[in-house]
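What follows is one structure encoded as structure tokens, with my remarks underneath.
The values are calculated or read from the model by the stated rules, or taken from the named source; none is laboratory data. The model shown is predicted, which means the values in this text are computed figures rather than measured ones. In this analysis, Cβ positions are derived from the backbone assuming ideal geometry, glycine residues included, and neighbour counts consider all displayed protein chains.
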Amino acid sequence: MKAIDTIQFNEKGLVPVITQDYSTNQILMMAWMNEEAFALTLKTKKAVYFSRSRKKLWFKGEESGNYQDIVEIFTDCDQDVVLLKVNQKGGIACHTGRANCFFNKLENDQWKSVSKVIKDPKEIYG
């Protein structure tokens, strides 16, 4: 049985994916994969996600150049969540131009941004 056959995709044909920096263990982002994205990730050794808003495959880094090279892939015990450990190219994983997507920290019932923008998204995406 192939690895993809054991993944428990949800009723929409998607599985949540947590992406973690292999070197630092920092959580970079959360996204979704469909079967095609998972298969392409395995084949290319680069992260490929499924964009729910655009309803199409999203090759991480295709516009920004901030690719994610796959080092290791894990699933949870139910095989309904995927964990990618990656080498993040360019140091930017978030479309906001930050190193990761988890930059809003709850302090005194208020969200506070605790991460600086590395590169203006307008420079990255035009």
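Among the candidates Gly97, Gly65, Gly13, Gly90, which residue alone is small (Gly, Ala, Ser) and crowded, with 17+ Cβ neighbours inside 10 Å? Spell out the reasoning first.
Numbers: Gly65 fails: crowded, with 17+ Cβ neighbours inside 10 Å; Gly13 fails: crowded, with 17+ Cβ neighbours inside 10 Å; Gly90 fails: crowded, with 17+ Cβ neighbours inside 10 Å.
One residue alone meets the criteria, Gly97.
Taking the conditions exactly as written (surrounded by 12 or more Cβ atoms within 10 Å (Cβ to Cβ), of a type in the set (A, V, I, L, M) and under 22 Å from Lys2 (Cβ atoms)), does Ile70 satisfy them or not? Steps first, answer last, please.
Details: surrounded by 12 or more Cβ atoms within 10 Å (Cβ to Cβ): yes; of a type in the set (A, V, I, L, M): yes; under 22 Å from Lys2 (Cβ atoms): yes.
In short, yes.
Given Phe50, Phe38, which one is assigned to a helix (DSSP H, G or I), touching a helix residue (DSSP H, G or I) at 6+ places or on another chain (Cβ under 8 Å), buried (at least 18 other Cβ atoms within 10 Å of the Cβ) and at pLDDT 95 or above? Quick ask: steps written out before the conclusion?
Values: Phe50 fails: assigned to a helix (DSSP H, G or I).
Exactly one of Phe50, Phe38 is assigned to a helix (DSSP H, G or I), touching a helix residue (DSSP H, G or I) at 6+ places or on another chain (Cβ under 8 Å), buried (at least 18 other Cβ atoms within 10 Å of the Cβ) and at pLDDT 95 or above, namely Phe38.
Conditions tested, residue by residue: (1) over 14 Å from the mean Cα position of the chain (by Cα); (2) farther than 18 Å from Tyr67 by Cβ; (3) among the polar types (S, T, N, Q); (4) part of a loop (DSSP other than H, G, I, E, B).
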position: Val86; (1), (2), (3), (4): no, no, no, no
position: Gly90; (1), (2), (3), (4): yes, no, no, no
position: His95; (1), (2), (3), (4): no, no, no, yes
position: Arg98; (1), (2), (3), (4): no, no, no, yes
position: Cys101; (1), (2), (3), (4): no, no, no, yes
position: Lys105; (1), (2), (3), (4): yes, yes, no, no
position: Lys112; (1), (2), (3), (4): yes, yes, no, no
position: Ser115; (1), (2), (3), (4): yes, yes, yes, yes
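For region 16-35, which residues satisfy the criterion of being in contact (Cβ under 8 Å) with a residue 60 or more places away in the chain and either at positive phi or surrounded by 15 or more Cβ atoms within 10 Å (Cβ to Cβ) (or both)?
In the first step, residues of region 16-35 are kept if they are in contact (Cβ under 8 Å) with a residue 60 or more places away in the chain; the result is 16-23, 26-30.
Within region 16-35, Val17, Ile18, Thr19, Gln20, Asp21, Tyr22, Ile27, Leu28, Met29 meet the criteria.
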